[in-house]
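Reading through the structure tokens given below for one structure.
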Amino acid sequence: MKLKYKYPCIDEINILDIYKNDKYFYDWYKIVRKILKTKEFQKRRLFIHHENESLWTHSIKVSFLSYKFALKYNINAYNCAIAGLLHDFYTKAWQYSKELECLDEKYREKFIKKEKCNFKQLHGIHHPIDALDNSKKYYNKFLNKKIEDAIISHMFPLSIFNGNFPKYKESLVVTMIDKYVSFNLSNIKEFTKYLGLKKIQ
Ligand SMILES: [Fe+2]
Ligand SMILES: [Fe+2]
């Protein structure tokens, strides 16, 4: 397993090192390796996602755990691995980190323009749409209708506000694993932050 990293990671841990001893790791890795190797996906090593965890690490967790869950329950594991990896592949970082300064301004736009947004433009509501558009732009050959549905509906029930309900088993797996990975119940006061409904600067 050799990945050349184009950007340093804001995390102290290497999530791939943690998972590599799992017996399902290499079959999962074969599915996602081509995306992990790309410069565009590696930019997510600089994005803060939850609790100072990078978007890179969060996406890998959701992908790998969704893959394993799918295998166990006879659901399409390829679809879950790709959808898990790309479900938060949005363009504009929603939390500021100084490491973002080495990227193009478009990734820091929310902090440069400081525009007011309406409810549907809040991160928690809008980012699945952005993630799907961006996934089509960079990784269209990996997608299919079930993966696209899992990406755009992963914030269910908030996805209802954009008219998107999880239609397939894969979508239910990704939305459930994303919540399992994201929510820190010991810090319940930050619930609106986890949902992307609280503005963070
Ligand atoms: Fe998300
Ligand atoms: Fe997520």
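What follows is calculated from the coordinates using simple rules that are stated; it is not laboratory data. Only a predicted model underlies this, so the values are computations on that prediction, with no experimental measurement involved. Don't worry about glycine lacking a Cβ; one is built from the backbone with ideal geometry, like all the others, and counts go over all protein chains shown.
Which of LYS92/LYS146; LYS2/LYS34; LYS2/LYS39; LYS92/LYS116; LYS4/LYS30; LYS20/LYS61 have a Cα-Cα distance over 18 Å? Those over the limit are LYS92/LYS146. With the simple model of a label 7 Å out from the Cα in the direction of the Cβ, ASN14 to LEU172 spans 3.8 nm. Once the C-beta distance of LYS114 and LYS23 is scaled by a Förster radius of 41 Å, the resulting FRET efficiency is 0.30 to the nearest 0.05. In the elastic network of the chain, a GNM with C-alpha springs shorter than 10 Å, the most mobile of GLY124, GLY84, GLY163 is GLY163. For LYS106, the aspartates and glutamates whose Cα falls under 17 Å of its own Cα, not counting residues fewer than eight places away in the same chain, are GLU40, ASP88, GLU115, ASP130, ASP133.
Please state, as a whole number in µm²/s, the translational diffusion coefficient that the Stokes-Einstein equation yields for the chain at 10 °C and 1.306 mPa s, with Rh defined as the Kirkwood radius across alpha carbon pairs.
On the way: Rh = 17.0 Å.
Using the Kirkwood radius from Cα pairs, D works out to 94 µm²/s.
Neighbour counts of other Cβ atoms within 10 Å put HIS154, HIS50, HIS123 in the fewest-to-most order HIS50, HIS123, HIS154.
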